[in-house]
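So the structure is just underneath, and the comments pick up after that.
Bear in mind that the values in this text are calculations on the coordinates, not laboratory data. Keep in mind that this is a model prediction, so the values were computed, not measured. Every residue, glycine among them, receives a Cβ derived from its backbone with ideal geometry; neighbour counts consider all protein chains shown.
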Amino acid sequence: MTPEPSGAATTFTPSVLRLSLMTLVCLVFVAIGLGILSIADAPLFPKVAAVLCVVLFGPGALFFVVRLVRRSPELTLTDTGLDHRQLGRIGWDEIASVRPMAQRTSAFSKNHYIQISLRDARAYLERSSWWVRTLGKTNQKLGYGAVNLPLNMLGAPQEEIFAAMRRYRPGLIIVE
């Protein structure tokens, strides 16, 4: 996080270590896939799995390398609202409340995110991109908020993000 006085922006950029590890994991799967494909007499199933490794993890590696090189903020907070790299701009007056959320993704891990409750989710989704609109509507059907900020790419703990939000919007309701 880049702490700034009120009036300037506060930015949250993904951790270089996290992006590097994600790139490394993708590259390992691509290397395994290419290794299997280089074996001339490999059975069909491993070859199909190898092609899937290269096709799925190759673009992932490229995505993370681009994120490492560009180092653009994932989330920017200002006096007028927040701006997320994928979700776009949301004014403070559009936000009813925020809350920390965690969703179990496996027996060993949880996905932590900040759920943003909007005063008019429909208006936000109508002006959003096709992907954000689809994701938001799906989240709502599953009982989640239309806008969720995953913490794994924000590069700061949720307490730090909430504190920064409160600096810009002192009356912001944070549901614990």
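The residue among 86, 39, 19 whose Cα reaches farthest toward the positive pole of the charge dipole of region 14-87, with charges on the beta-carbon of Lys, Arg, Asp and Glu, is 39. How large, in Å, is the chain by the Kirkwood hydrodynamic radius built from its alpha-carbon pairs? About 18.3 Å for the chain.
So what is the relative contact order of region 75-168, in percent, for Cα pairs below 8 Å that sit 6 or more residues apart?
Details: 121 pairs, mean separation 24.2, N = 94.
Relative contact order for region 75-168 comes out at 26 percent.
Amide H contacts of residue 147 (H built 1.01 Å from N, in plane; Pro and chain starts excluded): 116 sit under 5 Å, all sequence-distant by 5 or more or on other chains.
Largest mean-square fluctuation among 85, 122, 70, in a Gaussian network model of the chain whose springs join Cα atoms under 10 Å apart, belongs to 70.
Around the Cα centre of region 75-168, unit charges on the Cβ atoms of Lys, Arg, Asp and Glu (plus for the first two, minus for the last two) sum to a dipole of about 360 debye.
Three principal axis extents of region 89-176 based on alpha-carbon atoms, in descending order, are 37, 31, 20 Å.
Could the peptides 49-58, 9-18 be put in order, highest first, of the mean number of other beta-carbon atoms found within 10 Å of their residues?
Details: 49-58: 15.6, 9-18: 17.3.
For the peptides 49-58, 9-18, the packing ranking is 9-18, 49-58.
Compute the length gained on full extension between residue 123 and residue 16: take 0.36 nm times their separation in residues and subtract their Cα-Cα distance, giving the result in nm to one decimal. Could you put the intermediate results ahead of the total?
On the way: separation 107, 0.36 × 107 = 38.52 nm, distance 3.49 nm.
Additional length available on full extension: 35.0 nm.
Entry note, the chain: relative contact order of 24 percent, from Cα contacts under 8 Å with a spacing of 6+ residues. Relative contact order, whole percent, for region 14-69 stands at 51, derived from Cα pairs under 8 Å and 6 or more residues apart.
For the chain, modelled as a GNM with alpha-carbon contacts under 10 angstrom, which of 21, 44, 75 fluctuates the most? It is 44. Relative to the Cα centre, the charge distribution of the chain, modelled as +1 at Lys and Arg Cβ and -1 at Asp and Glu Cβ, gives a dipole magnitude of about 280 debye.
Extension gain residue 105-residue 89, at 0.36 nm per residue separation less the Cα-Cα distance, in nm?
3.0 nm
Using a Gaussian network for the chain with springs between C-alpha atoms less than 10 Å apart, which of these wobbles most: 32, 161, 116? Looking only at 32, 161, 116, the biggest GNM fluctuation is shown by 32.
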